[in-house]
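Data block below; observations after.
The values are calculated or read from the model by the stated rules, or taken from the named source; none is laboratory data. What you are looking at is a predicted structure, and each value in this text was computed from that prediction instead of being measured. Cβ placement follows ideal geometry from the backbone for every residue including glycine, while neighbour counts extend to all protein chains displayed.
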Amino acid sequence: MTDDHRYPPLPPLSTGLAGRCPRCGEGRLFSGFLSTAPECPNCGLDYSFIDSGDGPAVFVIFIVGAIVVGLAFFVEFNYRPPYWLHLVLWLPLIVILSLGMLRPLKGLMIAQQYHHKAQEGRMETPRDPGAGGEG
């Protein structure tokens, strides 16, 4: 019996955002705030395939940036508060949103990586020119 029959495919969105194992959906994906566990404590999936890189941070920057800039423009154009109030409003919001979104987005990217069987890119070996074909 293969793992595909024991563990039917789970939606990456729900397992990733919840920080659960992408194969069984039960085990914890993280051992710390952002550090991943070595393997799933439930099904034993080896997490050595995980390589989310800077992807989660980039998405956090884009999403948080769009939210905060939009809100800052709205507040500035409608209320014209002093600059110190902008700092008091937006700096804590940036920190809270960034930290709150980083772990779920990292889990989502890991679950997508598992779901699509993504691996590190490999170069094809060049064809032997003397092996026939075009010439």
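Anything in the stretch 11-34 that is without any contact (Cβ under 8 Å) to a residue 40 or more places away in the chain and within 17 Å of residue 117 (Cβ to Cβ)? List them, or say none.
11, 21, 24, listed by residue number.
Within the stretch 33-45, can you find the residues that are within 18 Å of the chain's Cα centre (by Cα), more than 13 Å from residue 107 (Cα to Cα) and not hydrophobic (A, V, I, L, M, F, W, C)?
Selection gives 38, 39.
As an exercise: evaluate residue 100 against (1) within 18 Å of the chain's Cα centre (by Cα); (2) surrounded by 15 or more Cβ atoms within 10 Å (Cβ to Cβ) and give the number of the one condition it does not meet.
The single condition residue 100 does not satisfy is (2).
Go through (1) over 27 Å from residue 20 (Cα atoms); (2) part of a helix (DSSP H, G or I) one by one and return the number of the condition residue 102 breaks.
If we test residue 102 against (1) over 27 Å from residue 20 (Cα atoms); (2) part of a helix (DSSP H, G or I), just (1) comes out false.
If you take the residues of the stretch 47-97 that are acidic (Asp, Glu) and either surrounded by 10 or more Cβ atoms within 10 Å (Cβ to Cβ) or modelled with pLDDT of 95 or more (or both), which of them is nearest to the chain's Cα centre (by Cα)?
51
Report, ordered by the first and then the second residue, all pairs with beta carbons closer than 9 Å, sequence separation of six or more or different chains, a first member in the stretch 35-51 that is over 14 Å from residue 7 (Cβ atoms), and a second member that is surrounded by 16 or more Cβ atoms within 10 Å (Cβ to Cβ) and of a type in the set (S, T, N, Q).
Once the first residue is over 14 Å from residue 7 (Cβ atoms) and sits in the stretch 35-51, its partners that are surrounded by 16 or more Cβ atoms within 10 Å (Cβ to Cβ) and of a type in the set (S, T, N, Q) give 36/52; 47/36; 49/113; 50/36; 50/113; 51/113.
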